[in-house]
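In what follows, a structure is listed as structure tokens, so that the remarks can point back to it.
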Ligand code: PEP
């Protein structure tokens with residue numbers, strides 16, 4: 001009985017690939033070929049996020065076990081917002097995911113916590129599921145305010161939405177993104193545990209139990225298994241390694 005319940009409650013392992021502003025027609029073709037060869041485990045959800053220009057191409061060519069995300073969307077459906085794309089446009093193409101609040105958008109494009117929260121709400125209202133990124137900078141970790149920072153980022157989202165069913169949280173310490181400096185499994189688990197507790201106290205026990213919390217920051221084929229063994233790490237958001245053959249090992253790391 002308890003065993004059945006555990007199976008029902010289990011969170012499906014999730015691996016996201018963030019291609020950032022990388023790729024070309026030729027490289028996208030190669031990556032799709034790589035993805036289409038993966039025997040995606042039944043307990044794993046895979047979502048890749050190509051640059052916006054390639055989203056439709058990838059979505060049409062990739063096998064159905066792999067889903068596609070945009071790396072950003074705006075808070076309007078259409079109109080005079082040059083350079084932006086809307087979640088409604090993603091839906092039009094049959095694309096059901098978007099990455100929002102990535103630290104590169106927060107840093108280089110000055111996206112505030114509040115704006116990220118609004119984007120999350122707008123995408124969810126349009127029927128697009130969200131990979132919502134949060135994480136502290138190095139100076140914030142060194143000042144021992146990691147939990148305050150991620151709680152503030154979560155609160156800005158919780159101010160906008162009540163239902164977390166279609167949200168996956170990606171905890172990505174900024175100091176670990178693209179640096180080769182991965183958080184130790186213990187460091188990551190500590191923050192993931194805090195985030196789950198935060199969801200229990202500020203949203204609901206159900207949201208805490210069901211929401212997938214991914215780790216992101218220099219995940220690769222070598223470190224993914226130990227990270228995946230931690231109880232509150234439900235998968236990964238992968239940048240650099242999502243452009244390499246080792247992405248296959250990361251996708252398979254949820255089977256242990
Ligand atoms: C990311 O871009 O979300 C990321 C985690 O990058 P990397 O894996 O390269 O650190």
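A short reminder: the numbers here are calculations on the coordinates, not readings from a lab. Predicted model, so just to flag it, every value in this text is computed and none were measured. No Cβ is skipped: glycine too gets one built from the backbone with ideal geometry, and neighbour counts run over all protein chains shown.
Annotations
- Residue in segment 76-84 that is touching a strand residue (DSSP E or B) at 6+ places or on another chain (Cβ under 7 Å) and in a loop (DSSP other than H, G, I, E, B) present: no
- Strands (runs of 3 or more DSSP E) contained entirely in segment 166-256, each with at least 1 residues that are within 23 Å of residue 43 (Cα to Cα), touching a strand residue (DSSP E or B) at 6+ places or on another chain (Cβ under 6 Å) and away from the ligand (no atom under 15 Å from the Cβ): 167-171
- Filter result for residue 38 (within 22 Å of residue 165 (Cβ to Cβ) and away from the ligand (no atom under 16 Å from the Cβ)): no
- The residues of segment 197-220 that are crowded, with 20+ Cβ neighbours inside 10 Å and free of Cβ contacts under 8 Å to residues at least 40 places away in the same chain amount to a single one, 219.
- Given (1) under 21 Å from residue 210 (Cβ atoms); (2) away from the ligand (no atom under 14 Å from the Cβ), number of the condition residue 111 does not satisfy: (1)
- Condition check for residue 33: within 30 Å of residue 229 (Cα to Cα), more than 16 Å from the ligand (Cβ to nearest atom), out of contact with any helix residue (DSSP H, G or I) (no Cβ under 8 Å at 6 or more places or on another chain) and part of a helix (DSSP H, G or I): yes
- All of 223, 166 fail the test of being surrounded by fewer than 22 Cβ atoms within 10 Å (Cβ to Cβ) and under 15 Å from residue 133 (Cα atoms), apart from 166.
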